[in-house]
Amino acid sequence: MFRLPSILRHPLCHDFTALGLLLLAALPVAAQTPHVQFEPMVSYEASNSEPRRVATGDFNNDGHTDIIVAMSGTDSSPGLLTVLFGDGTGALVDNTDFANTHQWWGIASGDFNRDQRRDIVGAAGGNGVTTVNVYAGSGNGNFAPMASLSAGRFPIAAVVGDWNGDGKDDIGVANNVTYGVTLFMGNGDGTFGPASNVPDAAGLLATDICTADFNRDGKTDLAVSHYSGVTVFTNNGGGIFNLYASTGGSDLKNRVAAGDVNGDGIADIVTSEQYTNRFIVCLGNGVDGFSSNVPYTAGSGITGVALSDLNRDGYVDVCVSTSDSTGAEVFLNSGEGSGALLPRAEWAAGPQPTAIATADMNEDGFDDLLITCRNLGDTPSISILLQVPQLALAADGACPGGGPLRITWYGATPSGQIALIFAANTGSFVIPQGNPCQGTALGLGASQLRVAYRGASGPRGTRTLTTNAGPSACGGYLQLLDPSNCTTSNVSKIR
């Protein structure tokens, strides 16, 4: 039978306001290991050279996630689009290549003819090129030409969304030379309306594009990275976009992604710089732009950015591909609701990474890393790093005034016991000698440290607990301890 360490022992209680106060002295300890881990990379050879972008989807309707890569090739040898099919175990088992006609730089997918099969849009780079081609998915992994469109010069990235609110997929293209952003409104039958350039984007030398609802009006907006920052354009609902805000800055931004980094329900932006080894977290205010821009430094030049809640703590983490031999770097969210990130953790991903994406390739409920690698002078590759699930915790729903609190954990010892520990602050408390799990470092401080719950971990080591939290618990922190192996989860702020 599991017994709580005596120094932490406290009667089982579901109401934090009823818990007694227990103050303990914290012992010094080194910083905790980030709660995310990956298996060594497994690489798959690519069919062409110069992989530029990577995206995911189920392209053969088998229920498993597949990967698509845009390959630019060389001036003398055109690139192609390649789809690599996943089998649900984390492996890629087959591939299909098509569109060996252009230097493909951008890739996105949608259902443009509404047949419940994933279609693909490719943006063909090149200074004098304006080609954007759409390919219809057959549902069995094959693709056929659907539409050929013309955007601005050097279409470098593409994104799919419903810009005019008619329920049909539309296309947005970032142009690196002329017109900035070009839109194509889908008719829902595989055809598109005429090209429409965003007037306020004219003159931008765009490098990437993403979507989110930045001003919280229920309409999908656009964020475009370019040579001097990131500019956001808000959607009026009719497919007309207006200038909303800019992050500013003089450094060339090469990638942009959107997500809620600080957990306030407002879309934020993460953008990387071409020459500084930095990415910037820009916290949105939902009204007129961004409240803060915080830089973080990666190990070398950043070639890709992806956002994902890797450790399932309810907060978005930042993943980047870098041009050095390490290749894959993860900056876990601190989970405090401030948008702050923890120091980076690094994994080998292959030679000269060019792009990164995340997806649950082995269907264990945790996202994995996907990295394309240039490998100049040799065969390029796509690397998969499968995540090794760690003990993870998420808590939300009670604050600011207190009330029902939903606590979910993953990765505990199946049908074992767990201890849920509460503290008013973060820190580095170490379980003292003479107790079970002695020497285990917590991410919690000493203030009001106590065991809030102890009980079964669940038959699969996963469980959701709904409890009552009083106002005094808001802003406090929770951490799980699995006494069977003395592992600890991430620290989750009660919010």
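The values are calculated or read from the model by the stated rules, or taken from the named source; none is laboratory data. Nothing here was measured: the structure is a model prediction, and the numbers come from that model. Reconstructed Cβ throughout: ideal geometry from the backbone, glycine too, with neighbour counts over all protein chains shown. The area values use the complete protein model at the heavy-atom level, side chains included, leaving out ligands, DNA and RNA. Shrake-Rupley method; radii C 1.70, N 1.55, O 1.52, S 1.80 Å.
Specify the inter-centroid distance of region 384-401 and region 349-375, based on alpha-carbon positions, in whole Å. Using only Cα atoms to place each centre, the spacing works out to 21 Å.
Rolling a 1.4 Å probe over the heavy atoms of the protein chains gives the chain an accessible area of 37 Å² per residue. According to the square roots a ≥ b ≥ c of the eigenvalues of the Cα gyration tensor, what is the shape class of region 226-306, taking rounded for a/c under 1.5, prolate for a/b larger than b/c otherwise, and oblate for the remainder? Here region 226-306 falls in the prolate category. Of the solvent-accessible surface of region 88-198, computed with a 1.4 Å probe and all protein chains present, 45% belongs to carbon and sulfur. Electrostatic bookkeeping for ALA257 treats Lys and Arg as +1 and Asp and Glu as -1; over the other residues with beta carbon under 12 Å from its beta carbon, the sum is -2. In the distance distribution for region 60-164, Cα-Cα pairs more than 15 Å apart total 62 percent. Distances between placed amide hydrogens fall under 5 Å for ALA340 paired with SER334, all partners being 5 or more residues away or on another chain.
A value for mean projected area of the Cα convex hull in nm² was derived from the coordinates, and within the list (i) 21.8; (ii) 25.1; (iii) 22.9 it appears as (iii).
When restricted to Cα atoms, region 373-495 yields an Rg and a Dmax of 17.9, 62 Å, respectively. Here region 345-495 exposes an accessible surface that is 48 percent carbon and sulfur, computed with a 1.4 Å probe and the other protein chains kept in place. Taking a sphere under 9 Å around the Cβ of ASP213 and counting the other residues whose Cβ falls inside, with K and R at +1 and D and E at -1, yields a net charge of 0. Here the Karplus curve 6.51 cos²θ - 1.76 cosθ + 1.60, taken at θ = phi - 60°, turns the phi angles of region 99-113 into couplings of 6, 7, 10, 9, 8, 7, 10, x, 8, 7, 9, x, 10, 7, 10 Hz, with x standing for Gly and Pro. Annotation: amide H-H contacts under 5 Å for GLY249 (H modelled 1.01 Å from N, sequence separation of 5 or more, or interchain): none.
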